[in-house]
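Worksheet for the structure shown next.
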Amino acid sequence: MLTNKSSPMTSIGLLCNYVELERSTVWYTVMTMKAVIMAGGNGTRLWPVSRQQSPKQAQPFGDNETLLQKTYRRLRRGWSDKDIFVSTSVDQFSILRKQLPKLQSSQYILESARRDTASAIGLAVAAIHKKNPQEVVFTANSDAYLKETDAYVKVIKDAGALVNRFPNQTVLIGIKPRFADTGLGYIKMKKQVDSIGGHDVFLVDRFVEKPDRATAERYVASWQYLWNPAMFVFRADAMLEKYRRWLPSSYKLLMQMQSAIGTSRERATIKRLFPKMQKISIDYGIMEKDRQMLVMPADLTWSDIGSWSAVHDMLAAHPHHNVSRAKHISIDSRGNLLFSYTGKLIATAGLQNMIVIETDDAILVCPKDRAQDVKQIVVELERQKLNCHL
């Protein structure tokens, strides 16, 4: 349990003092939830393995199971196949469907253009809302590493129960930080307002984007800050109401597309209207404007597999250890990530804290602390029209 500096009060008293939350008059004895796996990204920071036609979520890192398959297997511990959906782009559909053969094609919510996370989540919510406006929904990113599956399932289920208790509120899952990470966003909490299933519940104060080292160290030392893994739990009708309020033009398009979902007009309507959606992340479009969000801290071993340095952190028992998925001869080398996808031998002498990734048509070499810059390589490839390497 997190340390809370406030004086003891009942949860209802705290709720009344700090925010107007509408408690549901009905307690659902049987709660359904739909999981939406967000799997539409390209993963440019994991080039040259992640490509337009083989994005990172469709790739294995460390074993033979892809990130998408790991996410699906994790969710199956708590949800049936019929309650799992995948949000992705039309051009990635055929790739991803082969990896999850138990899901029906109707469980893939397909974007016809890249319009960022607010549009992707909005379309998924509109599709689920059409069948059940009061459905509880949560989003799961397809590119995250999580160790404690049972604890993960429990905190999501508890968050869903909290949404049933307060149906107009979005509940975030925050990760208790294990170290000062400057590459992640943080959630700052206000005072505790409730508890459920052994989890404390806090009001969200604000979001903080990628702090510098000194600031991140202060955050880790404080009980008020959590890593933001973009795990959202909400009721479908409440979320669409937030779109109506803060993204009205996108909301109108979502309602038009929703009317066509499940009909012969669905594909053509989404193809025509979705590119008109505002290109904005859900963080900027919705979350940062919502002053009534709740957050549940979770003690999970979690990592955003968004860069090659994160892959090393996930696989290495110690930061100084080499991680190699290749035939590797090492002379006085440490802290390196070395992958060969063609079976070539990689030999290193005096190499420290480097990334070396070899595929059949490209080789990436960069320091681990410059791993975020790999996406700039993709930008340069696009500028030079080297499409064969994209």
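The values are calculated or read from the model by the stated rules, or taken from the named source; none is laboratory data. If you're wondering where the values come from, they're calculated on a predicted model, not measured in any experiment. Cβ coordinates were reconstructed from backbone atoms using ideal geometry, including for glycine residues, and neighbour counts include every protein chain displayed.
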Filter region 118-139 for residues that are assigned to a helix (DSSP H, G or I), within 23 Å of residue 153 (Cα to Cα) and either touching a helix residue (DSSP H, G or I) at 6+ places or on another chain (Cβ under 7 Å) or among the β-branched types (Val, Ile, Thr) (or both) and give the result.
121, 125, 128, 129
For region 210-269, which residues satisfy the criterion of being part of a loop (DSSP other than H, G, I, E, B), under 22 Å from the mean Cα position of the chain (by Cα), within 23 Å of residue 39 (Cα to Cα) and not hydrophobic (A, V, I, L, M, F, W, C)?
210
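Condition check ((1) of a type in the set (Lys, Arg); (2) part of a helix (DSSP H, G or I); (3) surrounded by 14 or more Cβ atoms within 10 Å (Cβ to Cβ); (4) modelled with pLDDT under 90) across all residues:
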residue	(1), (2), (3), (4)
25	no, no, no, yes
34	yes, no, yes, no
41	no, no, yes, yes
48	no, no, yes, no
94	no, yes, no, no
101	no, no, no, no
For region 177-192, name all the residues that are modelled with pLDDT of 95 or more and either hydrophobic (A, V, I, L, M, F, W, C) or in a loop (DSSP other than H, G, I, E, B) (or both).
187, 189
I'd like the full set of residues that are crowded, with 21+ Cβ neighbours inside 10 Å and farther than 30 Å from residue 382 by Cβ, limited to region 50-74.
72
Look at residue 138 and say whether it is surrounded by 18 or more Cβ atoms within 10 Å (Cβ to Cβ), touching a Gly at 6+ places or on another chain (Cβ under 9 Å), in the same structural domain as residue 235 (by TED's automatic domain parsing) and of a type in the set (Phe, Trp, Tyr).
yes
For region 151-176: of the residues being in contact with a helix residue (DSSP H, G or I) (Cβ under 9 Å, 6 or more places away or on another chain) and part of a strand (DSSP E or B), which is nearest to residue 303 (Cα to Cα)?
173
Taking region 310-337 as the region of interest, how many residues are part of a strand (DSSP E or B) and within 21 Å of residue 63 (Cβ to Cβ)?
6
Lone unmet requirement of (1) outside any strand (DSSP E or B); (2) buried (at least 18 other Cβ atoms within 10 Å of the Cβ) for residue 204
(1)
From the list 305, 346, exactly one residue is touching a strand residue (DSSP E or B) at 6+ places or on another chain (Cβ under 6 Å), among the β-branched types (Val, Ile, Thr) and over 30 Å from residue 172 (Cβ atoms). Which is it?
346
